[in-house]
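Inspection log for the structure reproduced underneath, given as structure tokens.
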Ligand code: BES
Ligand code: MN
Ligand code: ZN
């Protein structure tokens, strides 16, 4: 979708459709009032009739003959006192999706809530661009004859106040970058396991580094991992014919110079299990196909790194993705096996389906090389987290309140809900092993937390936040700006966290 910004009056715009808005229980104001005046008070009469009340995410379509535009799409913003940035995103997403379904290819819109809603022009513009692109996302790379469906190709943001144009342009540009990074993550998640292999993720990461200046990509193959002693990821990968990869994307690292103080980076780590069969502890057949999404953490990290590079964020950021399949074979790792991690700690395998924490253990150890100011990992780690929180929030566990607060603040800004769970020492006892330093499961009780307790062993003293996105990475029900399938959850949050770390 191409998005442009123009100074002008929406009611005079010649296009297939214009989008304006309405607060619930209010008279048309701002640009909506200007459109209403051209229409001889039609919108006011509709509102007075009670047929359209401005309820959040409700739309009303009009076909006026008094305007240069063929259609007017009115989108409800809900009550003004409840309005926030997320309402603006949902309004823009709802409108864009409605227009695309109608077959509209070119439209114009106002910003939502930059007047009476109290938003800054720049954040309102970012919200409109971001949500419009996200709402119109489709994935049909695997159809032999993609249905001839029209796409909303051109959106013009019309801003009346010329003094705000520069801010609106900045917001639109950032919104586009963020949305495209999120769509990249969605693509990776939506790809089936037979295309999105560890090697595929590595080649996509390399392609990003070629495309974006300042982004560096390195990939460790299994030989290099063996030299590093990464027995955990290699153990998980042993049953697969597809080779595992450790993918590293670096941005903004200052060269190591004597005397010069090196700025400590943020490190993002994403679980990249491109298909999780459960291994020898095989999963039940029904629903197993969904486990192609078990690399959603990896997708979020790769998508976020693209945005970090495009936006040229000043704060150094490193993305690390341990990528492997979890399959069955004569060479596969087995329950009862003991793996030696890169950190030297040993893990007894109780269940080969608890593979995510194993590959993350080695990735977290590798992350320590960067002497990070903080590590944030994202992983579709446990069904237990889905039982605890459903699909409405990601689980957050941390060894550091300061970093946890920063992640919570970023999450609330992007409306990607997180909910903190405790990580008390008692949980660590559940993963005690008779034969090794720990075992890879802790029983049914507190399953999301005992998984995090294993990760904590490898985060060490580095401030670290773990996000369990098992319930939030995929959706079977479309929302305002989230179509069915891979959500791309975490991309916007990670970018927001990096942006807020610029000082
Ligand atoms: N990838 C799964 C977790 C998962 C479940 C992700 C549902 C998305 C939706 C993970 O590797 C797994 O299998 N976890 C096990 C751990 C158990 C064996 C301790 C689980 O949650 O059942
Ligand atoms: Mn598993
Ligand atoms: Zn898994």
Quiz item: Got at least one residue in region 226-235 being part of a loop (DSSP other than H, G, I, E, B) and away from ligand 3 (no atom under 16 Å from the Cβ)?
Solution: yes
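From the list 355, 348, which residue is closer than 20 Å to residue 277 by Cβ and within 15 Å of ligand 1 (Cβ to nearest atom)?
Values: 348 fails: closer than 20 Å to residue 277 by Cβ.
Matching residue, one of 355, 348: 355.
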Quiz item: Of all residues in region 327-359, which are within 16 Å of ligand 2 (Cβ to nearest atom) and in contact with a helix residue (DSSP H, G or I) (Cβ under 6 Å, 6 or more places away or on another chain)?
Solution: 333, 339, 355, 357, 358, 359
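Tally time: how many residues in region 455-470 are within 12 Å of ligand 1 (Cβ to nearest atom) and either without any contact (Cβ under 8 Å) to a residue 24 or more places away in the chain or surrounded by fewer than 24 Cβ atoms within 10 Å (Cβ to Cβ) (or both)? If you could, list the steps in order and put the result at the bottom.
Initially, region 455-470 is screened for residues within 12 Å of ligand 1 (Cβ to nearest atom), giving 468-470.
So of that shortlist, the ones also either without any contact (Cβ under 8 Å) to a residue 24 or more places away in the chain or surrounded by fewer than 24 Cβ atoms within 10 Å (Cβ to Cβ) (or both) come out as none.
Residues in region 455-470 being within 12 Å of ligand 1 (Cβ to nearest atom) and either without any contact (Cβ under 8 Å) to a residue 24 or more places away in the chain or surrounded by fewer than 24 Cβ atoms within 10 Å (Cβ to Cβ) (or both): 0 in total.
Which members of region 8-44 meet the condition of being farther than 16 Å from residue 55 by Cα and in contact with a strand residue (DSSP E or B) (Cβ under 6 Å, 6 or more places away or on another chain)?
To start, the set of residues in region 8-44 that are farther than 16 Å from residue 55 by Cα comprises 8-18, 30-31, 33-42.
If the condition is that a residue be farther than 16 Å from residue 55 by Cα and in contact with a strand residue (DSSP E or B) (Cβ under 6 Å, 6 or more places away or on another chain), then 8, 10, 13, 15, 16, 17, 18, 31, 35 are the ones that fit.
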Quiz item: Looking at residue 496, is it within 30 Å of residue 97 (Cβ to Cβ) and surrounded by fewer than 24 Cβ atoms within 10 Å (Cβ to Cβ)?
Solution: yes
Practice problem: Quick one: which residue in 365, 340 is more than 16 Å from ligand 3 (Cβ to nearest atom), surrounded by 20 or more Cβ atoms within 10 Å (Cβ to Cβ), farther than 21 Å from residue 404 by Cβ and at pLDDT 95 or above? | Solution: 365
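Select from region 268-288 the residues that are within 11 Å of ligand 1 (Cβ to nearest atom), surrounded by 22 or more Cβ atoms within 10 Å (Cβ to Cβ) and outside any loop (DSSP other than H, G, I, E, B) and list them in ascending order. Write out each step before concluding.
First, the residues of region 268-288 that are within 11 Å of ligand 1 (Cβ to nearest atom): 271, 273, 275-279, 281-284, 287-288.
So of that shortlist, the ones also surrounded by 22 or more Cβ atoms within 10 Å (Cβ to Cβ) come out as 271, 273, 275-277, 279.
Within region 268-288, 273, 275, 276 qualify.
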Quiz item: Looking at this structure, is residue 304 under 13 Å from the mean Cα position of the chain (by Cα), outside any strand (DSSP E or B), under 29 Å from residue 496 (Cβ atoms) and within 14 Å of ligand 3 (Cβ to nearest atom)?
Solution: no
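Which one of these is within 12 Å of ligand 1 (Cβ to nearest atom), more than 14 Å from the chain's Cα centre (by Cα) and either more than 23 Å from residue 252 (Cβ to Cβ) or at pLDDT 95 or above (or both): 402, 383, 374? Spell out how you get there, then give the answer.
Details: 402 fails: within 12 Å of ligand 1 (Cβ to nearest atom); 374 fails: within 12 Å of ligand 1 (Cβ to nearest atom).
The match here is 383.
Scan region 172-190 and give yes if some residue there is assigned to a loop (DSSP other than H, G, I, E, B), in contact (Cβ under 8 Å) with a residue 60 or more places away in the chain and out of contact with any helix residue (DSSP H, G or I) (no Cβ under 6 Å at 6 or more places or on another chain), otherwise no. It would help to see each step written out before you state the result.
Keep residues of region 172-190 that are assigned to a loop (DSSP other than H, G, I, E, B), which gives none.
No, every residue in region 172-190 fails to be assigned to a loop (DSSP other than H, G, I, E, B), in contact (Cβ under 8 Å) with a residue 60 or more places away in the chain and out of contact with any helix residue (DSSP H, G or I) (no Cβ under 6 Å at 6 or more places or on another chain).
Listed residues 353, 401, 329, 377; which is without any contact (Cβ under 8 Å) to a residue 12 or more places away in the chain and either surrounded by fewer than 24 Cβ atoms within 10 Å (Cβ to Cβ) or farther than 16 Å from residue 235 by Cα (or both)?
On the way: 353 fails: without any contact (Cβ under 8 Å) to a residue 12 or more places away in the chain; 329 fails: without any contact (Cβ under 8 Å) to a residue 12 or more places away in the chain; 377 fails: without any contact (Cβ under 8 Å) to a residue 12 or more places away in the chain.
Going through 353, 401, 329, 377 in turn, just one is without any contact (Cβ under 8 Å) to a residue 12 or more places away in the chain and either surrounded by fewer than 24 Cβ atoms within 10 Å (Cβ to Cβ) or farther than 16 Å from residue 235 by Cα (or both): 401.
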Quiz item: If you scan region 289-307, which residues turn out to be farther than 14 Å from residue 380 by Cα and more than 13 Å from ligand 1 (Cβ to nearest atom)?
Solution: 302, 303, 304, 305, 306, 307
Self-check item: Which numbered condition residue 310 misses (of (1) outside any loop (DSSP other than H, G, I, E, B); (2) touching a residue at least 60 places away in the same chain (Cβ under 8 Å); (3) surrounded by fewer than 24 Cβ atoms within 10 Å (Cβ to Cβ); (4) within 14 Å of ligand 1 (Cβ to nearest atom))
Solution: (4)
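It is to be established whether one or more residues within region 119-133 are without any contact (Cβ under 8 Å) to a residue 40 or more places away in the chain and surrounded by fewer than 15 Cβ atoms within 10 Å (Cβ to Cβ).
No, that holds for no residue.
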Self-check item: Residue under evaluation residue 54, criteria (1) touching a helix residue (DSSP H, G or I) at 6+ places or on another chain (Cβ under 7 Å); (2) closer than 19 Å to residue 119 by Cα; (3) crowded, with 17+ Cβ neighbours inside 10 Å, criterion not met
Solution: (1)
Quiz item: Quick one: which helices (runs of 4 or more DSSP H) sit completely within region 375-471 and have at least 2 residues that are in contact with a strand residue (DSSP E or B) (Cβ under 9 Å, 6 or more places away or on another chain) and within 16 Å of ligand 2 (Cβ to nearest atom)?
Solution: 383-389, 447-459
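The values are calculated or read from the model by the stated rules, or taken from the named source; none is laboratory data. Keep in mind that what you see is a predicted model, and the values were worked out from it rather than measured. Glycine gets a Cβ as well: all are built from the backbone with ideal geometry, and neighbour counts include every protein chain shown.
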